[in-house]
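Asks: A single structure is presented below for examination.
Where a number appears in this text, it was derived from the coordinates with a stated rule and is not lab data. Since we're looking at a predicted model, the values are computed, not measured. For neighbour counting, all protein chains shown are included, and Cβ atoms are generated from backbone atoms with ideal geometry for every residue, glycine included.
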Amino acid sequence: MIVLSLIGGFLAGMAVPVQTSINSRLGREVGSPYLASLISMSVGTIILIILVFAADHRIMFNISMFLSHPWWIWVGGGVLGITYLTSNILLLPRLGAALTVVVTVLGQTIMAIFIDQFGWFDVPVHELNIPRLIGVAGMLFGVYLMRKF
Amino acid sequence: MKKKESFYAILFLLWGLAAGMVSPVQTAINAKLRVAVGSPVMATLISFFVGSLVLVPVTLIMNRKLTFELQVIRKSPWWLWIGGVLGIIFVISNILLLPALGSELTVVAIICGQMVIAMLIDHFGWFGVARHKINWQRIAGLVLLIAGVILIQRF
């Protein structure tokens, strides 16, 4: 079962660079990377509406929740999502697929370490230690190797 | 000329780093949204819907138009339109795998998948990406990255 899940994770990971490559090509065809992002997100939205019906059998949530939660939980994910998506589309033709992946993974890791260190977003605090620093140094050297060769 | 090129290369690398930094923040916010609305699929839908809405003015500002030549649909391969589907597969897989694998293995498996396919895309020039052959230095870089991710996840 765990092997199956690992393969699932591996395949899910593959979806990301393929999506970026496809969207990058779409951007060239329609003449705008932003429009490519918009098409990609709109197709996703339509499919998610169907999935929500299938999974939850309804497409409503309690409106009072808008007031009981901070505003940024409603818009933050979407805005950051398109920043990530569009940046990837713009960077892929300039950096290549592998370098785009490694540099964004490095950025993710550094940010995740910050979030852990300071316990942002109510995440339990997990302080920086020597093995984590070695990990970051190794990743930096990996990016250097990929960039150089 | 050479100097200018490497300046841009570094600029793009920093941009990629910044774009990557956005990703865990997005994950953290979406995790809160998921709890608020009580459904992971609904949370993903809100995220995609808001993203689409924001991209409308962004596209209008950057390109002054929201349309494209309709013949693109006829002339282009079908897979040009399924980028969004892959995005959903990624998000939903993440949600389903996390309880089965735990965060360490989920992150490592996903990053391995990303890096392997990205190297293949570069090597073969799939989807019209410029070809960049695999060599042992690139493989060493890949191994270092994965080892780094494992170290950070473990400690």
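Asks: Could you put A:MET1, B:MET62, A:MET139 in order, starting from the residue whose Cβ has the fewest other Cβ atoms within 10 Å?
Replies: Lowest count first: A:MET1, B:MET62, A:MET139.
Asks: Which loop-located trypsin sites (Lys or Arg not before Pro) does region A:1-82 contain, where loop means any DSSP state but H, G, I, E or B and the Cβ has at most 10 other Cβ atoms within 10 Å?
Replies: Here the trypsin sites (Lys or Arg not before Pro) that fit, given the DSSP loop and packing criteria, are A:ARG58.
Asks: Taking springs between alpha-carbon atoms closer than 10 angstrom, which of B:PHE68, B:PHE49, B:PHE90 fluctuates most in the Gaussian network model of chain B?
Replies: Its mean-square fluctuation being the largest, the pick is B:PHE68.
Asks: Work out, step by step, the length gained on full extension between A:ALA54 and A:LEU4: first 0.36 nm times the residue separation, then minus their alpha carbon distance; give nm to one decimal.
Replies: 15.5 nm
Asks: Now, a different point. Return the FRET efficiency for the residue pair B:ARG64, A:HIS126: r is the Cβ-Cβ distance, R0 is 41 Å, and the value is rounded to the nearest 0.05.
Replies: Calculated transfer efficiency: 0.30.
Asks: Charges on Cβ only, +1 for Lys and Arg, -1 for Asp and Glu, centred on the Cα centroid of region B:1-67; of B:VAL41, B:LEU14, B:LEU55, which one is farthest towards the dipole's positive end?
Replies: B:LEU14
Asks: Select from B:GLY102, B:LEU70, A:ILE89 the residue farthest towards the positive end of the dipole of the protein assembly as shown; place +1 on Cβ of Lys and Arg, -1 on Cβ of Asp and Glu, and compute about the Cα centre.
Replies: B:LEU70
Asks: Continuing with the same structure: Karplus couplings for region A:80-88 from phi (6.51 cos²θ - 1.76 cosθ + 1.60, θ = phi - 60°), rounded to Hz, Gly and Pro as x?
Replies: So the Karplus estimates, Gly and Pro as x, are 5, x, 6, 4, 5, 4, 5, 4, 4 Hz.
Asks: Using a basic spin-label model with each label point 7 Å from the Cα along Cα→Cβ, how many nm lie between A:SER64 and A:LEU133?
Replies: About 5.1 nm, to one decimal.
Asks: Return the whole-Å distance between the Cα centroid of region A:29-103 and the Cα centroid of region B:40-118.
Replies: Centre-to-centre distance over Cα atoms comes out at 6 Å.
Asks: Here is a follow-up. For chain A, set up a GNM with springs between Cα atoms under 10 Å and report which of A:VAL105, A:VAL52, A:VAL43 has the largest fluctuation.
Replies: Most flexible of the set in this elastic network: A:VAL52.
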